[in-house]
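What follows is a short report on a single structure.
The values are calculated or read from the model by the stated rules, or taken from the named source; none is laboratory data. Please read all numbers here as calculations on a predicted model, not as lab measurements. Cβ placement follows ideal geometry from the backbone for every residue including glycine, while neighbour counts extend to all protein chains displayed.
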Amino acid sequence: MTRVAISAGILGLALVLHRDAQADIYVTNYGGNTIGEYTNSGTVVNASLISGLSSPWGIAVSGSDIFVANNGSNTIGEYTTSGAVVNASLISGLNSPTGIAVSGSDIFVTNYVSGTIGEYTTSGTVVNASLISGLSDPTGIAVSGSDIFVANFGSGTIGEYTTSGTTVNASLISGLDDPYDVRVSGSNLFVASYYGGIGEYTTSGTTVNASLISTDLYPAGLAVLGSDLYVANYGYDEIGEYTTSGTTVNASLISGLDGPIGIVVTPSAVPEPSSFVMMGFGSVALLAVFRRRVF
């Protein structure tokens, strides 16, 4: 593989949703400097919904807004889900931003080089640029309630912290093989390791299945919607769909991408009341990179 191996991330949704309900997939293309939009059945909506980005990695969607981490320009940009520019440099002066998560009116960003997580408002105001420090090449990030879960590429761990910056367990999960992304769904964590596939753990750190999906994936990012896992396979320029129990639905749901990293899946329409029950919500975007090739 000649490109930089990167992972990102994406928004987490925990829903019990009818499989036929329509949803939208948003994907960052690191190589093409774009964000593409697709349906959850794999249909192209707009392959270049947003263009002119600078090495886009992490992505998060909140309401009708898209927030994207531009690693090349050290900025966070804000756009609408229809592709309009709100503020291309909403937050600037970051240090190799990779993962991004939105929780309420707050944005949490991982800075790969400085080993920090910064907190900002969705209007771009600095809350704490070094809310959490001393991390080891942090990449993917997920927020669930008052908890932050972060993938430390350098140490092969998932750490847990509070949204106020307190350490809960810096090595909640350890011994991972290049962890790039983490997703929260209820009481479960799904972790994408670039060479280790997809593993499932509890939010207390117990292993459910360390090799939930162990096929030749090269996963860069994860999204969860109901009982489905969507995986950004950077190595194959594809998005694959699997169940949360590890069954393959469509390993090449979307193909022909250009370095897919961050992925978000959001319901595009409210189904009939009988179609779903809301269980929870969390947003995340995650992304990782091989430091020996980039930094």
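Filtering region 42-64 to residues that are loosely packed, with under 15 Cβ neighbours inside 10 Å and touching a Leu at 6+ places or on another chain (Cβ under 8 Å) leaves only GLY42.
Could you tell me whether any residue of region 134-147 is within 22 Å of ASN74 (Cα to Cα), more than 14 Å from the chain's Cα centre (by Cα) and among the hydrophobic types (A, V, I, L, M, F, W, C)? Yes, region 134-147 contains a residue that is within 22 Å of ASN74 (Cα to Cα), more than 14 Å from the chain's Cα centre (by Cα) and among the hydrophobic types (A, V, I, L, M, F, W, C).
Report those strands (runs of 3 or more DSSP E) wholly inside region 80-143 carrying at least 1 residues which are without any contact (Cβ under 8 Å) to a residue 12 or more places away in the chain and in contact with a Ser or Thr (Cβ under 6 Å, 6 or more places away or on another chain).
It comes to none.
Looking at the structure I just gave you, is GLU241 modelled with pLDDT of 95 or more, charged (D, E, K, R) and either over 25 Å from ASN111 (Cβ atoms) or surrounded by fewer than 20 Cβ atoms within 10 Å (Cβ to Cβ) (or both)? Answer is yes for this residue.
Check whether at least one residue in region 46-56 is outside any strand (DSSP E or B), under 20 Å from ALA192 (Cβ atoms) and without any contact (Cβ under 8 Å) to a residue 24 or more places away in the chain, and report yes or no.
no
Among the residues of region 224-264, which ones are over 13 Å from the mean Cα position of the chain (by Cα), assigned to a strand (DSSP E or B) and among the aromatic types (Phe, Trp, Tyr)? Within region 224-264, just TYR242 meets the criteria.
Does region 256-269 contain any residue that is out of contact with any strand residue (DSSP E or B) (no Cβ under 6 Å at 6 or more places or on another chain), over 29 Å from GLY31 (Cα atoms) and modelled with pLDDT under 95?
The answer is yes, given that some residue of region 256-269 is out of contact with any strand residue (DSSP E or B) (no Cβ under 6 Å at 6 or more places or on another chain), over 29 Å from GLY31 (Cα atoms) and modelled with pLDDT under 95.
The sole residue among SER146, SER82 that is closer than 22 Å to TYR26 by Cβ and surrounded by fewer than 18 Cβ atoms within 10 Å (Cβ to Cβ) is SER82. Selection of region 48-84 for residues being among the hydrophobic types (A, V, I, L, M, F, W, C) and under 18 Å from VAL102 (Cα atoms) yields TRP57, ILE59, ALA60, VAL61, ILE66, PHE67, VAL68, ALA69, ILE76. Take THR207 and decide whether it is touching a Ser or Thr at 6+ places or on another chain (Cβ under 9 Å), modelled with pLDDT of 95 or more, polar (S, T, N, Q) and farther than 22 Å from ILE100 by Cα. Against the criterion (touching a Ser or Thr at 6+ places or on another chain (Cβ under 9 Å), modelled with pLDDT of 95 or more, polar (S, T, N, Q) and farther than 22 Å from ILE100 by Cα), THR207 does not qualify.
The strands (runs of 3 or more DSSP E) found wholly in region 150-223 and carrying at least 1 residues that are among the charged types (D, E, K, R) and within 17 Å of the chain's Cα centre (by Cα) occupy 157-162, 179-185, 197-202.
Look at region 180-205: where a residue is touching a residue at least 12 places away in the same chain (Cβ under 8 Å) and a partner is of a type in the set (Phe, Trp, Tyr) and in a loop (DSSP other than H, G, I, E, B), sitting 6+ places away or on another chain with Cβ atoms under 7 Å, you get TYR180/PHE153; TYR180/TYR194; TYR194/TYR218.
Does any residue of region 151-174 turn out to be among the hydrophobic types (A, V, I, L, M, F, W, C) and under 17 Å from GLY240 (Cβ atoms)? Checked against the condition, which is being among the hydrophobic types (A, V, I, L, M, F, W, C) and under 17 Å from GLY240 (Cβ atoms), region 151-174 yields no hits at all.
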